[in-house]
Amino acid sequence: METDPQLTALFDDRLFAIPTVYNPYMVYINQGLLDKVGITVPEDWTVEEFHQIAKELTGAGAAECATYKSLPLATMGIGGDAQLADDGKSSNFDHALWKRQYDLELAMEKDGTLLPIKRVLAEKVDAYAQSYFLSGAHAFYLDNPATLRFVKDLENYPHDFRTTFRPMPLLERGKDQWNSGSREDAVQISAKSKYPDAAWTFVEFWIGEGAQHVLTAGKISPGAVPTTDEDAEALLPGLLGDARQDTFDIEAFKTVAFDPALKLSVTTKTAGLTEIATIRKALDEKVRLGEIPVDQMLRDLKKQADVAITKDLNKS
Amino acid sequence: MSVATEAVPDVQAPPPLRKRLVNGMRWWVPWLFVAPSLAGMIIFLLVPLVSGLLISFTDWDVISGLDGIRWVGVENFTNLLTDGKFWASAGRTVVYAGVSVPLTVFLGLGLAMALNRPLPGRSALRVIFFMPAVVNVIAIGSVWLLLLNPESGLVNQGLRLLGWDSPPGWITSPGSALQALILMAVWGGSGYISVIYLAALQEMPQDLYEAARLDGAGPIRQFTTITWPALLPMTTFLLITQFIGRSQTFGLIAFMTSGGPGESTTVLSYYMYQNGFMYYRFGYAAAMGVLSMLVVLVLTMLLWRFQRGRSLYGEED
C-alpha cells in the first residue's frame, strides 16, 4: 500500500484536508501550428524534445513564442516537496534538478522560445496567459484542466485551430516521474465547528453529486476521475463544451488527462514556502533579465530560503 | 416746570441667552459635542497606534488569534537591524520619496505660477492638472503601463524620435523601475500641489509687488524676496505631508511592479505588506512600522525647524 504522504495526503494515517479538484498538469498544443510546420509531437516526448520542438516552431516563424511558462523540472522529478530537503528543515535548491530547471528556463529565454521576461513585466502577465495561446501567438500552454474553460469559450477567445494535448515531457524516457499537478482546492472542517455533520454533508455534495456544477469550469472532482472510456465520455460535454469536436483533440485529451499512471503529488512540507515563492520570483526575474547567472541565483536562493524556513520553524 | 420722573425699579437686565446656557450647562455637555471627533480619533488613530506599538513587541501571526500572541521583547527590532532586505527597502524609500517629493512640490509651484497668470483656457488647464489626484490608482497604473511599455509605449517612442536609441526599460528593468515610479508620482502629485499653491498665490498682498516694482525689482527678485518667503511655511507643510505620504506609497507599486523586477521597487511599505499579509509576521511588520514612523517624525521635526524664522512673516513656529 502506498505510504508516501505526497501521494496519499495522509500524515500519520490521518487526513487533514480533502481535495476537491483533480488537477493534472498537461501541455495544451495548437494543432494548427504543428500542422503548419509539419511536426509530430511524440506521446512520450522528453524535456529536450520539448525544447527542440519549441525552437522549431518559433524558428519557422509559426509562433511568436513557444510558451509562457517553462517546465517545472524539479517538481516533476522530486514531487510537491521539491523545494524542501527531506527533513523539512532546510531548502533543496542545491539539488541538480533545480539547476537543470533554471538552465533550461534561461536557455529558452535567450533563444526566444519563452515569452521574454521584459514582456511579462511590461504586459503584467501573471497566472493567466491563455490569451497568448488562444490568439495563436504561442504554441504551447502548460496548465491543468482549468484552462479548458477558456479554450471552449469561442465568444471571448475566438480561434479556429484545434487544441491537442500531450503529457508533461519526460525527464528521462522510460523512467517514472511526478506530474507537477496535484489534487487541489483542499477543504477542511474546523475542529471548532458547531455543525461538523452539516459541513461534512456539504463536502460530500461538493465532491460527489454537486461536482457536475463546477465541471464546466474545468474542475474535475477527485471522486469523478473516470476509469472507463464511458465514464470519460460522460464528463466531456461539461468539460469541453458543445463544439468539442471542432475545438479539441478529444482522444488526446482523454489519454493525457485521465492517464491512470499519472502521479499527482501533494505538498507536505510547507515551512517558509510563501516567502520562498517571493524570493524565487525576484531571483528568477534577475536571472532572466541577465542580472545574475544561474549558479549565483541558486546560491542566493538556497541561502535566503534556508533563512525563511528557519524563521517559520522557529515561530511554530 | 417740574417734571415728574418715574422711579426706575432696580432690576438687572437678564444675561444674554448664550451666557445663561453656558452657566447652566452640565459639565458633560461640551463632551457631547466633541465626542464624535474624539471617538473617531480614539478608534481610528489612538487604538491602532497603541496596538501597533504593542504588536511590535510580539510574534503575532494574526491567524492564531489572540491566543497566539507571544511577547518577544525587542527581538523584532534587533532582527530588523540585521535584516539586509529591510535596510535595502528603507534605502529605496528614501530615494523614492527624497527625489519625487521635491520634484513634485517644485513642479507644482511652477505650474501654479504659470496658471496664476492670465492664460487662455486657464480653468480647463487647472482641471486637467488636478485630474490625476482624483483618478483611481489602478486606472492611472493601467495607462502608465501602456505609456511605459519599452517597445510600444509612447514614452520610449518619443525618446527614440529624439535620437535615444536605447531608451530605458522602465518597469521591466531593475535599473529604471524606481525611476519610472518616481516619474509617475511626480506626474500624479504636481497638479494637486499646484492647486494648493495657486490658492496661496491668489491671496498674496499685491501692494508688496507694487512697492517692489516701484523700487525696481524684477520678476526674479520679486519671487526671491516676496513670493518664496511667503510660501515657505506652506512649502514646508507640503514637503512634510508629501514625504509622509510617499513613504507610505503602496497601491501603485503593488499594481505596477509588485516590488520587482528583482526587488528593485520593494520599498518599505511593500516589504511591510509582504511580512504582514503574505508571511503573517505581523509583529515584525509592526516593528518596521514603528521604526519608520520614528524616522519620519525626526525628519519632519528637522524640516520644521529649518523653516523657522525664514518666512516672509517671520513666524517662529
>> Two decimals, Cα atoms only, Kirkwood Rh: what is Rg/Rh over chain A?
In response: 0.97
> Over the Cα atoms of segment A:239-316, Rg to Rh with Kirkwood Rh, two decimal places?
Replying inline: 1.24
>> What FRET efficiency comes out for residue A:11 versus residue B:203 if R0 is 60 angstrom and r is the Cβ-Cβ distance? Round to the nearest 0.05.
In response: 0.25
> Among residues other than residue B:193 whose Cβ falls under 14 Å from its Cβ, what is the net charge (Lys/Arg +1, Asp/Glu -1)?
Replying inline: +2
> Local charge sum around residue B:133 (other residues, Cβ-Cβ under 15 Å, Lys/Arg +1, Asp/Glu -1)?
Replying inline: +2
> Which whole-number percent gives the relative contact order of segment A:1-72, counting Cα pairs below 8 Å spaced six or more residues apart?
Replying inline: 19 percent
> Between residue B:18 and residue A:300, what is the spin-label point distance in nm, taking each point 7 Å from the Cα along the Cα→C-beta axis?
Replying inline: 6.8 nm
> Using 1/(1 + (r/R0)^6) with R0 = 41 angstrom and r between the beta carbons of residue A:191 and residue A:217, what's the FRET efficiency to the nearest 0.05?
Replying inline: 0.85
> Taking N as the number of residues in segment B:1-133, what is its Cα Rg relative to 2.2 N^0.38 Å?
Replying inline: 2.23
> lysines within cross-link reach of residue A:263: Cα-Cα under 22 Å, excluding same-chain residues under 8 positions apart?
Replying inline: A:69, A:175, A:219, A:254
> For the pair residue B:122 and residue B:35, what calculated FRET efficiency results from E = 1/(1 + (r/R0)^6), where r is the Cβ-Cβ distance and R0 = 35 Å, to the nearest 0.05?
Replying inline: 0.20
> How well do other chains shield peptide A:114-125, expressed as the mean number of their Cβ atoms within 10 Å of each residue Cβ?
Replying inline: 5
> Which whole number gives the average, over all residues in B:149-155, of C-beta atoms from other chains lying within 10 Å of the residue C-beta?
Replying inline: 2
>> Restricting to Cα pairs below 8 Å that are 6+ residues apart, what does the relative contact order work out to for segment B:195-317? Please round to a whole percent.
In response: 26 percent
> Cβ under 13 Å from residue B:271's Cβ, residue B:271 left aside: what net charge do those residues give with Lys, Arg +1 and Asp, Glu -1?
Replying inline: 0
> Which is farthest toward the positive dipole end of the protein assembly as shown among A:45, A:92, B:72, measuring Cα position about the Cα centre, with Cβ charges +1 (Lys, Arg) and -1 (Asp, Glu)?
Replying inline: B:72
> Using 7 Å Cα-to-Cβ label points, what is the residue A:44/residue B:293 separation (nm, one decimal)?
Replying inline: 6.5 nm
> Given Cα pairs under 8 Å that are at least 6 residues apart, what percent is the relative contact order of chain A?
Replying inline: 30 percent
> For segment B:42-51, what does the Karplus curve 6.51 cos²θ - 1.76 cosθ + 1.60, with θ = phi - 60°, yield as ³J(HN,Hα) per residue in whole Hz, taken in order and with x for Gly and Pro?
Replying inline: 5, 6, 9, 10, 5, 4, x, 5, 5, 4
> Between exposed chymotrypsin sites (Phe, Trp or Tyr not before Pro) in chain B, where DSSP calls loop and at most 11 other Cβ atoms lie within 10 Å, what's the longest gap?
Replying inline: B:165-312
>> Could you give the length gained by full extension between residue B:146 and residue B:77, i.e. 0.36 nm per residue of separation minus their alpha carbon distance, to one decimal place?
In response: 20.8 nm
>> Counting only helical runs of four or more DSSP H residues, what would the 222 nm mean residue ellipticity of the protein assembly as shown come to if each run contributes -39,500 (n - 2.57) and the total is spread over all its residues?
In response: -16000 deg cm²/dmol
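Each value in this text was obtained by applying a stated rule to the coordinates, not by laboratory testing. Worth saying up front: this structure is predicted, and the values here are computed from it rather than measured. Reconstructed Cβ throughout: ideal geometry from the backbone, glycine too, with neighbour counts over all protein chains shown.
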